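The values are calculated or read from the model by the stated rules, or taken from the named source; none is laboratory data. Quick caveat: nothing in here was measured; it's all calculated off a predicted structure. Using ideal geometry, Cβ is built from the backbone for each residue, glycine included, and neighbour counts are taken over all protein chains shown.
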Amino acid sequence: MERTILHVDLDAFYASVEQRDDPSLRGRPVIVGGRSRRGVVCAASYEARPFGVRSAMPMVTALERCPDAVVLAPRMAHYAAVSSQFFGILETMSPLVEGLSLDEAFLDVTGEERLLGDGPTIARRIKHSVRAELGLVASVGVAPVKHVAKIASDLDKPDGLRVVRPNEVTSFLAGLPVSRLWGVGKVTGEALARAGLHTIGDLARVGERVLAARVGGDAAAHLAALARGEDARAVQPDRAPVSLGSEDTFERDLRDRELLWEMLLMQADTVCARLRGESLRARTVTVKIKFADFELITRRMTLARPTADGREVGRIARELLMQVPGIEQRGVRLTGVSLSGLTGVEVAPPRQLALGLPADKAAEAAVARGEALGDALDRITQRFGDGALRRAIHVRGAGGALDDDAAPAQPKEPRRR
Ligand SMILES: [Mg+2]
């Protein structure tokens, strides 16, 4: 059966939350990140992006490019609470919601037609609710498969809505650069360019055999399928994640261990905020480092006691980082922190409220459930939240985590709708 998949992504999430909460920031370039000399950009508002400010950039560089920007320390616990409200909206649209980060998710809305309308209608409902209830702006892509929905949500940002109907998938993909495809990084992109393959249409045209000669058999099968608009991955509702992670690729390779540690600390803060948002703790901390030559290494440590404390995870990440030789010589293009060995905490699961209630009470119960969840998050915020983060920021000038949507703004293409 043809499926209807939505990819929903909040625009410039962290920076937009700050502009929403403080009207004096609206219309001004806002950078969320570490304020010290070694700080890193987590997110940039759309006003800052034309200056060339990007996430994962050293703050020093960002301020050279945009000296008038307002720099704010990240408030991860606050963003996690807003994220929980965002996912609350998504969950009213479909039981199949798969979160990718605090501000990004896939939804499978196949079969929701009778109740809520078709894919584009649900997309508009989500955009409307996000604006009305959260004061934020979402971009949505609608398509029959995941990777096309994800590409589509990005094309009309900010405030985008791009619908790719099943019979339009191949023509939609054909003109886009290969770098838009999931799994095509710098090395693969260069290998394809040397073969004269620049657009996704080029990949679909030459087929798997030609691709295999350039990028190897496994990658060729994967790329050829994506280029034809095929993506068998189902939307996986993430009730019980096995691990949670945060990683970033840098604009330029980094050779400074202290700067890398700031990155790891921000990533630790992001992933811990998500962990707390889902009422989880983790036992195992894994640090991932990809060198400029693309060699990938991981280092992991298991704790005696599960934690969701970004500072503690950051401290472990530092120990693990310091054991890795050759960073200054080789350069690092990506770092990541992931947490596994997850266990729940004592926050009562409010979902139980709806059990056994007559249908007319279910809506009331749903409201109560949302409030209970909000209360739980507030308690978590009080226990772990802003204080812990501020401490890290003030002592070390660290940031929080990258809003991965702070990528280069894509040139706007004419809308189809
Ligand atoms: Mg985003």
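Data table
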item: Residues of the stretch 293-313 that turn out to be within 25 Å of Ala80 (Cα to Cα) and of a type in the set (D, E, K, R), as a count; result: 4
item: Some residue of the stretch 257-266 being touching a strand residue (DSSP E or B) at 6+ places or on another chain (Cβ under 9 Å), in contact (Cβ under 8 Å) with a residue 60 or more places away in the chain and assigned to a strand (DSSP E or B); result: no
item: Residue selected from the stretch 224-238 under the condition out of contact with any Phe, Trp or Tyr (no Cβ under 9 Å at 6 or more places or on another chain) and among the aliphatic types (A, V, I, L, M), by the criterion nearest to Val148 (Cα to Cα); result: Ala227
item: Residue match in the stretch 230-244 (condition: under 30 Å from Asn167 (Cβ atoms), at pLDDT below 90 and among the aliphatic types (A, V, I, L, M)); result: yes
item: Hey, Asp309 at pLDDT 90 or above, out of contact with any helix residue (DSSP H, G or I) (no Cβ under 6 Å at 6 or more places or on another chain), surrounded by fewer than 23 Cβ atoms within 10 Å (Cβ to Cβ) and not assigned by TED's automatic domain parsing to the domain that holds Val184 or not; result: yes
item: Which listed residue, of Thr286, Thr298, is under 22 Å from the mean Cα position of the chain (by Cα) and without any contact (Cβ under 8 Å) to a residue 24 or more places away in the chain; result: Thr298
item: Count - residues of the stretch 114-140 that are among the β-branched types (Val, Ile, Thr) and in a helix (DSSP H, G or I); result: 4
item: Hey, Lys150 under 17 Å from the mean Cα position of the chain (by Cα), crowded, with 19+ Cβ neighbours inside 10 Å and in a loop (DSSP other than H, G, I, E, B) or not; result: no
item: The stretch 1-34: number of residues that are within 16 Å of the ligand (Cβ to nearest atom) and basic (Lys, Arg); result: 1
item: All positions within the stretch 59-71 that are part of a loop (DSSP other than H, G, I, E, B) and among the small types (Gly, Ala, Ser); result: Ala69
item: Members of the stretch 160-169 found to be out of contact with any strand residue (DSSP E or B) (no Cβ under 6 Å at 6 or more places or on another chain) and either at pLDDT below 95 or of a type in the set (D, E, K, R) (or both), listed by number; result: Arg165, Glu168
item: From Ala56, Ala43, residue being of a type outside the set (Lys, Arg), within 23 Å of the chain's Cα centre (by Cα), part of a strand (DSSP E or B) and crowded, with 19+ Cβ neighbours inside 10 Å; result: Ala43
item: Qualifying residues in the stretch 96-114 (those that are charged (D, E, K, R) and away from the ligand (no atom under 16 Å from the Cβ)) - the one modelled with the highest pLDDT; result: Asp108
item: Residue in the stretch 61-69 that is under 23 Å from Ser83 (Cα atoms) and either away from the ligand (no atom under 16 Å from the Cβ) or surrounded by fewer than 24 Cβ atoms within 10 Å (Cβ to Cβ) (or both) present; result: no
item: Selected residue [modelled with pLDDT under 95, crowded, with 21+ Cβ neighbours inside 10 Å and under 29 Å from Leu334 (Cβ atoms)] from Val184, Val140; result: Val184
item: Residue check for Gly196: assigned to a loop (DSSP other than H, G, I, E, B) and either among the acidic types (Asp, Glu) or without any contact (Cβ under 8 Å) to a residue 40 or more places away in the chain (or both); result: yes
item: Which listed residue is acidic (Asp, Glu) and closer than 23 Å to Ser55 by Cα, from Glu278, Glu328; result: Glu328
item: Residue match in the stretch 14-28 (condition: modelled with pLDDT of 95 or more and among the β-branched types (Val, Ile, Thr)); result: yes
